[in-house]
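Q: Got a structure for you, questions after.
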Amino acid sequence: MNDLAPLLAEIRDGRVRPLYLAWGEEYLARREADALVEALVPAALASLNLVVLDGASPREIALELATLPLLAGNKVVLLHDPEFLAPKKGRTDALAKARDAWKAGRRKEGARRLLALVARAGWGQEALEPGQPGAPSVEDWKEELSVPLAESDLDFLREVAAFVREEGLGAPESDASALLTLLERGLPAGHALVVAATDVEAKSPLLRLAREQGAVVERKLASRLRDLDLNQVARDFLRPFQKRLGPGAEEVLRERSDVELLVAHTRDEEFLELADALQKRDLSSALAYVDEALAGGAPPLLLLGAIASVVRGLVEAQERMVHLGGGKPPRSFDDFKARLFSAIEREAKAAGARVPHPYAAYLATLAGARYGRAQLRASLLACAEADLALKSSGSGKLVLERLLWTVCPPTGREASARRPPP
């Protein structure tokens, strides 16, 4: 079933299917899943009767589905791209979901997604440190999981490995039998599992169950723009306005569409990508981010604000290290917790501020230590000068590039290969 309207009508009439799978392009799949959730659970009950379990195991999901809600009414468990439903060789962007969760501060979810990914190859947490004795190599990752690892990926894996050790996390159970058994036996009346997935294993028994007992809504984009079917998407979009496409309108839309609009990055939550590049003093990644953002229409002043915010955060982390830790960078996460974090926690509570996650605070402290006081003060001054230049009609691209060269100047081979903007 590819039309969402009959499913929404069913729900309004009181019929709830046990399983809904929205499958295809991420934005479209999540939009359809959200529409189903909104129909199933009124906004007033969402805080109690809607449970989002990204990164959970099938057994944990089954347990939640079998648990009655606190208030009368439908109960929904919502999943986004569960690893146990992904193709055996993984997704084309296998690390992306874990990295997105990690950068958004959902570190436990990101770590569990990675652990579930490596578990598919029969590996444990040692796989998160390729090159270490007994760990799978970079070549093993590519052969077993179809995941090529770049240097930045290795840094990410090492960060997650440290977090996994600290938190004592294990791989979420991948055996879906408990969930399948519950769905086959039948959920409590009004309970439903809603899944938004970009990639699904074609032989998955959960996909079979969705087709037999639930509903599958496919929203896949054509590989070629000329083959793209805009009709269903247009009907769904225009229905609330009681409008429809006129004769030939779909062809006109297709002709006028720019394929880049279909695949362009949404940058609403991607300032974390810029922050990561600046914290690591990665000039190339920072410049690439700004170039792409400007090409996508981002205002230069907005990007300047993001850069200044990161610099201020680095200044705060560096100052905390100086005042609370005697200016000595932590040797390890354990050293950071013993020497610095208790004082950071006390300060935050005394000021009525939110206490940061200890590992996030540890990484911020290391990032501040990479710069030093003098460099960070120069960076703050450069941000002020860039603000004046932009408000004086300076070239946004040149001003921001010059700022990035000041904040994180290249070193070594990168310095010889690059020249600063005029």
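The values are calculated or read from the model by the stated rules, or taken from the named source; none is laboratory data. All figures in this text were calculated on a predicted structure; none of them were measured in a lab. With ideal geometry, Cβ positions are generated from the backbone for all residues, glycine too; neighbour counts draw on all protein chains shown. These area figures cover heavy atoms from the full protein model, side chains too; ligands, DNA and RNA do not enter into them. Shrake-Rupley method; radii C 1.70, N 1.55, O 1.52, S 1.80 Å.
Q: Amide H of ARG219: which non-local residues (sequence gap of 5 or more, or other chain) have their own amide H closer than 5 Å, using H built in the peptide plane?
A: Those lying under 5 Å, H to H, from ARG219 are TRP23, GLY24, GLU25.
Q: Pairs LYS97/LYS142; LYS280/LYS328; LYS75/LYS108; LYS103/LYS203: which are spaced more than 21 Å apart, C-alpha to C-alpha? Could you put the intermediate results ahead of the total?
A: Details: LYS97/LYS142 18 Å; LYS280/LYS328 18 Å; LYS75/LYS108 24 Å; LYS103/LYS203 32 Å.
From the list (LYS97/LYS142; LYS280/LYS328; LYS75/LYS108; LYS103/LYS203), the Cα-Cα distance tops 21 Å for LYS75/LYS108; LYS103/LYS203.
Q: Here's another thing I want to ask about it. Mean projection of the alpha-carbon convex hull of region 35-193 over all orientations, in nm²?
A: For region 35-193, the mean projected area of the Cα convex hull comes to 10.3 nm².
Q: Output wanted: per-residue J couplings in Hz (rounded whole) for region 36-47, from phi through Karplus 6.51 cos²θ - 1.76 cosθ + 1.60, θ = phi - 60°, x for Gly and Pro.
A: In residue order, the calculated couplings are 5, 4, 4, 6, 6, 10, x, 4, 5, 9, 4, 5 Hz.
Q: Would you please give the residues with an amide H less than 5 Å from that of ASN74, counting only those at least 5 places away or on a separate chain, with H modeled from the backbone geometry?
A: Long-range HN contacts for ASN74: none found.
Q: I've got another one for you. Rounded to the nearest 0.05, what FRET efficiency is calculated for ALA44 and ASP334 with R0 set to 41 Å and r the Cβ-Cβ distance?
A: Approximately 0.35, to the nearest 0.05.
Q: Something else now. Do any trypsin sites (Lys or Arg not before Pro) in region 148-215 lie in a loop, going by DSSP, with at most 14 other beta-carbon atoms within 10 Å of their beta carbon, and if so which?
A: On the way: sites: ARG158, ARG165, ARG185, LYS203, ARG208, ARG211; in loops: LYS203.
Answer by residue number: LYS203.
Q: How much solvent-accessible surface does TRP123 expose, in Å² to the nearest 10, with a 1.4 Å probe and all protein chains in place?
A: About 50 Å², rounded to the nearest 10.
Q: Could you go through region 155-170 in sequence order and give the Karplus-derived ³J(HN,Hα) for each residue, using 6.51 cos²θ - 1.76 cosθ + 1.60 with θ = phi - 60°, rounded to whole Hz, and x for Gly and Pro?
A: Couplings: 4, 4, 4, 5, 4, 5, 4, 5, 5, 4, 5, 5, 8, x, 7, x Hz.
Q: Let me ask something else. Between ALA353 and GLU212, with labels modelled 7 Å along Cα→Cβ, what's the label distance in nm to one decimal, could you check?
A: Output for this residue pair reads 5.6 nm.
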